Structures are given as structure tokens and as C-alpha cells.
Amino acid sequence: MKISSVKAVFFSPTGNTEKVVSCIAGQIAKQLGVPMETFDYTLPKNRQGKKSYGQMDLVVFGTPVYAGRIPNKMLPYVQNNFEGNGALALPIAAFGNRSFDNALIELRNELEQNGFHTIAGAGVVTSHVFSDKIAPNRPDEKDLTELRGFADAVAAKVRGLESIPAPIDVRGDDPIGPYYTPLGMDGKPAKFLKAKPKTDMDKCKGCKLCAQVCPMGSISEAAPQVVTGICIKCQACIKKCPTSAKYFDDAALLSHVAMLEKNYIRRTESEFFV
Ligand SMILES: Cc1cc2nc3c(=O)[nH]c(=O)nc-3n(C[C@H](O)[C@H](O)[C@H](O)COP(=O)(O)O)c2cc1C
Ligand code: SF4
Ligand code: SF4
């Protein structure tokens, strides 16, 4: 099958999903000798209008895994703003070393629903944004080699395709199960839905970067210590603040992080479906 362009598409508040999708899309483009374009839908200003693709496109579509699924605040955008028009697609779920649960199959289903033909997919291990102790520095060199190997296999599959295959078979429940319930150290559900980051005003130098990187547009530029809207706990403001002025002190969230550090620091491998 002939492809004229590879598109790297992702939501990536702290950069892991971007790294994974760019690696895979770049390698496929290289193998097929076609250009690669990027569409980053992390910031609200980029989530305007619809994105349309066509039969000559291969779209590498990445999402981070939140509570075992596509981040719920991004789901309506993913459902309503992408038109495949017969484009080939790869669902990619970047997860933080616990599990991708049903995020990959959910993304596959949404892409198929929107007129894409999914021909491969992957659940890829990345560092967990909640803790520097969970899968630090992943994807590492071994992961990147695996990602390029996966991309090579996808490029070979594209070259050999004579007709549109059935949707790629990936791991997960279909119909999709509920969101993963985060647990605390006591084994009970940790309820931190309403938690918002705090700001150490002795450290804050008023640069407004946190407001500019918040994917929900929820931090006030005029007063960066004020969170005006929904917080999805993505950690973008915390990781990108140049003076480390931002932090979470919500007890339930911290207990969940401690639970993850206790149970999910073992090395987990990515899963590829071609
Ligand atoms: C609210 C939230 C929920 C998360 N839930 C999961 C999860 O269920 N399983 C998992 O392995 N990682 C989970 N993670 C970790 C992220 O999937 C992982 O760190 C990812 O690389 C973040 O992507 P980004 O760097 O592109 O923002 C969660 C992260 C956040 C912020
Ligand atoms: S990024 Fe950090 S230093 Fe800059 S305004 Fe936000 S909290 Fe203050
Ligand atoms: S305020 Fe919440 S949603 Fe916005 S960047 Fe910070 S952690 Fe992410």
C-alpha cells in the first residue's frame, strides 16, 4: 500500500508520549521515504476545529494512560475532532510502568470509529509522572531500539498490504471496562480528584510558564498560584517550573504515589501488536 505522509499526533503534558510517538513515526517515515508531520494537541489553543486525514496518510496516534484509559478530559476531543477518511493508524498508549489496562484498546476503537484503519499498536513503558522512582529515564536506549524495531515491522507491513485488514488485535477488554481505581497505602481508594497544585511563593519568580504549559488552561497568568479550573494532575506545571515552586500536598494523592512506589518499581516491558 502506498503512503505519502506519516503524521505524529499526541497529547503529552510532560513529554513522554511525544518522545515515543516521534520515535516510532520518525522511523516509519524514514523506512518508507516519506515526510513526517507533527500535531501536538496538548494545549487548548491547538485543540480547535477538526483534523482530517486521508488514504495516503499513516497516523501514529499517541495518548498517555490515565487511570488505565485515555485521559477522560481528552476523550471527547479524541472522539469528535479527528476524521480518518480511510487513513491507516497506529494507536499508541504510553503508560507509567503500572499497566496500560484498557487505554490501548479504547484508543484503537475510537480511531476505528472515526474512519481510521488500525494496522498495529503498542502499549509503551515510560517513566511515571507521579514519581522519579518509577521507571526513571524510560524510554531508555533498550526501549528506543525496540520502538524502532516495531516501526520497521510496521513499515514492512504497510509495504506488503494489498487491502485493508481487520482492526489490529490488541490486549484489553472489549467492551471497555471501568477506569482503574487508584489505591492508597491502606489498600482503599485514594480520592484525589479535586487536588490542585500548590505554589511556594518564596520560590516563584512569576515567569508564567506554568500557566502557558497547563493543558487545561487552568492556571492564572496574572496570579500563577491560583488554579482557576479543572486539574488533571498531569504534572506539567510541576515538572516545567524552573524554580521547583509547584507541588502537590494532597494526602490521598501522596498515599497513592507511595503505593505505586511500593508495588510498581519492577521493570515492565512494552507490548507490541503488528
Ligand atoms: C492522572 C494520571 C493517571 C495515570 N494513570 C496511570 C495508569 O493507570 N497506569 C500507568 O501505568 N501509568 C499511569 N500514569 C502515568 C502516565 O501514563 C505516564 O507517566 C505517561 O508517560 C505520561 O505521559 P506524558 O509524559 O506524555 O504526559 C498516570 C499519570 C497521570 C498524570
Ligand atoms: S513556572 Fe514556577 S516560577 Fe514560573 S510562574 Fe509558575 S510557579 Fe512561578
Ligand atoms: S494545574 Fe493540573 S492540569 Fe494544569 S499543568 Fe498543573 S497538574 Fe496539569
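The values are calculated or read from the model by the stated rules, or taken from the named source; none is laboratory data. Note that the coordinates shown come from a computational prediction; the quantities given were computed from them, not determined experimentally. No Cβ is skipped: glycine too gets one built from the backbone with ideal geometry, and neighbour counts run over all protein chains shown. Surface areas here come from the heavy atoms of the whole protein model, side chains and all, with no ligands, DNA or RNA. Shrake-Rupley method; radii C 1.70, N 1.55, O 1.52, S 1.80 Å.
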Which listed residue, of Glu37, Glu18, Glu83, is within 16 Å of ligand 3 (Cβ to nearest atom) and either modelled with pLDDT of 95 or more or open to solvent by 20 Å² or more (accessible area, probe 1.4 Å) (or both): Glu18
In this structure, does Val21 turn out to be within 16 Å of Arg159 (Cα to Cα), out of contact with any Cys (no Cβ under 7 Å at 6 or more places or on another chain) and among the β-branched types (Val, Ile, Thr)? no
Determine if the range 234-247 includes at least one residue that is farther than 19 Å from Gly15 by Cβ and among the hydrophobic types (A, V, I, L, M, F, W, C). yes
With the checklist (1) over 10 Å from the mean Cα position of the chain (by Cα); (2) surrounded by 18 or more Cβ atoms within 10 Å (Cβ to Cβ); (3) closer than 22 Å to Gly123 by Cα in hand, flag the one item Ile3 doesn't pass. (3)
If I go through the range 248-274 residue by residue, how many of them are open to solvent by 30 Å² or more (accessible area, probe 1.4 Å) and either in a helix (DSSP H, G or I) or not hydrophobic (A, V, I, L, M, F, W, C) (or both)? 14
Restrict the check to the range 41-50 and report whether at least one residue is at pLDDT 95 or above, buried (at least 24 other Cβ atoms within 10 Å of the Cβ) and either over 17 Å from the mean Cα position of the chain (by Cα) or within 15 Å of ligand 3 (Cβ to nearest atom) (or both). no
Cβ contacts < 8 Å: first residue more than 9 Å from ligand 3 (Cβ to nearest atom), restricted to the range 223-242; second residue part of a strand (DSSP E or B) and open to solvent by less than 20 Å² (accessible area, probe 1.4 Å), any location; separation 6+ or different chain. Result? Val226/Ile219; Thr228/Ile219
What number of residues within the range 168-180 satisfy the criterion of being loosely packed, with under 14 Cβ neighbours inside 10 Å and closer than 30 Å to Lys157 by Cβ? 4
Which one is nearest to Cys210 (Cα to Cα) among residues in the range 232-247 that are open to solvent by 30 Å² or more (accessible area, probe 1.4 Å) and touching a strand residue (DSSP E or B) at 6+ places or on another chain (Cβ under 6 Å)? Ile238
Helices (runs of 4 or more DSSP H) lying entirely in the range 138-247 (those with 2 or more residues that are more than 16 Å from ligand 2 (Cβ to nearest atom) and farther than 20 Å from Lys19 by Cβ): 141-160
Can you report the number of residues in the range 181-215 which are open to solvent by 40 Å² or more (accessible area, probe 1.4 Å), within 21 Å of Thr14 (Cα to Cα) and within 12 Å of ligand 1 (Cβ to nearest atom)? 1
